[in-house]
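We did not get these values from a lab; they are worked out from the coordinates using the rules stated. Please read these numbers as outputs of a predicted model, since none were measured by experiment. Backbone-built Cβ (ideal geometry, glycine too); neighbour counts: all protein chains shown.
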Amino acid sequence: MRFVLGWLCLASSLAHADAVLVDRVVAVVDARAITRSAVEERAKPLLAVAKTDAAKAQARRDALAELLEEALISKEAQRLRLEVRDEEVDAALGEVAKQNQLTVAELLAETTRQGLDPDRYKGMLKRKILEFKWLGLRVNRAAEPATVAERGAFMVSERKRLMDELRVGAVIEVRP
């Protein structure tokens, strides 16, 4: 028995000697981890055009803030039983293509050219649709301005207010 335990300990130590850190957790929102690779992936388009180390650091900070907000919205959307169907994503994709006077294939080719593969772009659309559904459900309609010109600023302030509410109710840990 000792012989077997000795071999197991030796094998375990040899396995750890070759271990390489592949990823690490940079933040936790409640029980959901956000990894360094997720931040890098989200920041990739901005990192591609960043000229200075400061711009690269800012791109990573912005990507982390975006991922933190998405985690909060996702948790709240789950609580509210909000979902986004594939058909909604396809419709949004078609609408973006139409607004840009492109076919869907041309739009996806352009996003790919800019470093955003079609699945990531569709994922981004899905997250934005979920956010709009959440905002639509939670926005204070009684305070909504009557004019179209004032609605943009109102929605920005409502989003900030609602995000602040979500942050208060969450456990958020950002790790160095």
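Starting from the Kirkwood Rh over alpha-carbon pairs, what translational D in µm² s⁻¹ does segment 89-176 have by Stokes-Einstein at 25 °C and 0.890 mPa s? Before the final figure, lay out the partial values.
Values: Rh = 15.6 Å.
Diffusion coefficient, whole number: 157 µm²/s.
By a straight-distance test (C-alpha under 24 Å), which lysines pair with Lys133 as possible cross-link partners, with residues fewer than eight away in the same chain excluded?
Correct list for Lys133: Lys75, Lys98, Lys122, Lys160.
Run the numbers on the chain and let me know its relative contact order in percent, using alpha-carbon pairs under 8 Å that are six or more apart. Each step should come with its number before you reach the end.
Working: 118 pairs, mean separation 47.8, N = 176.
Reported as a whole number, the value is 27 percent.
Once amide H atoms are built 1.01 Å from N in the peptide plane, which residues 5 or more positions from Ala27, or in another chain, come under 5 Å H to H?
For Ala27, the qualifying residues are Ile34, Arg175.
Just the projected area, averaged over all directions, of the convex hull on the alpha carbon atoms of segment 105-150: how many nm²? Before the final figure, lay out the partial values.
Values: hull surface 19.1 nm².
The directionally averaged projection comes out at 4.8 nm².
If we count other beta carbons within 10 Å of each Cβ, what is the order of Val22, Val89, fewest first? Mind showing how you got there, number by number?
On the way: Val22 8, Val89 19.
Ascending number of Cβ neighbours within 10 Å: Val22, Val89.
By how many nm would the segment from Asp164 to Arg113 lengthen if fully extended, with 0.36 nm per residue of separation less the alpha-carbon distance?
Working: separation 51, 0.36 × 51 = 18.36 nm, distance 3.58 nm.
Answer, rounded to one decimal: 14.8 nm.
Out of segment 55-114, which trypsin sites (Lys or Arg not before Pro) are coil in DSSP terms and have no more than 16 other C-beta atoms within 10 Å?
Working: sites: Lys56, Arg60, Arg61, Lys75, Arg79, Arg81, Arg85, Lys98, Arg113; in loops: Arg81, Arg85.
Hits after loop and neighbour filter: Arg81, Arg85.
Can you compute the FRET efficiency between Ala105 and Arg32 using 1/(1 + (r/R0)^6), with r the Cβ-Cβ distance and R0 = 25 Å? Round to the nearest 0.05. Please report the intermediate quantities before stating the final value.
Working: r = 34 Å, r/R0 = 1.38.
About 0.15, to the nearest 0.05.
When the chain is treated as a GNM, springs tying every alpha-carbon pair under 10 Å, which of Gln99, Gln78, Gln114 comes out with the largest mean-square fluctuation?
Evaluated over the chain, the most mobile residue of the options is Gln99.
Report Rg(Cα)/(2.2 N^0.38 Å) for the chain, keeping two decimals.
Details: Rg = 21.7 Å, N = 176, 2.2 N^0.38 = 15.7 Å.
Cα-based Rg divided by the globular estimate yields 1.38.
Ala33: net charge of surrounding residues, Cβ under 12 Å, Lys/Arg +1, Asp/Glu -1, itself excluded? Each step should come with its number before you reach the end.
Numbers: positive: Arg24, Arg32, Arg36, Arg175; negative: Asp23, Asp30, Glu173.
Around Ala33, the surrounding residues sum to +1.
I'd like to verify something in the chain: which complete DSSP H helices, judged by Cα projection on the helix axis, reach 18 Å or more and average at least 1.0 on the Kyte-Doolittle scale? All intermediate terms of the calculation are to be shown ahead of the outcome.
Details: long enough: 2-17 (22 Å, 1.22); 36-49 (19 Å, -0.06); 53-79 (39 Å, -0.59); 86-99 (20 Å, -0.55); 118-138 (30 Å, -0.78); 148-168 (31 Å, -0.32).
Qualifying helices, which must be both long enough and hydrophobic enough, are 2-17.
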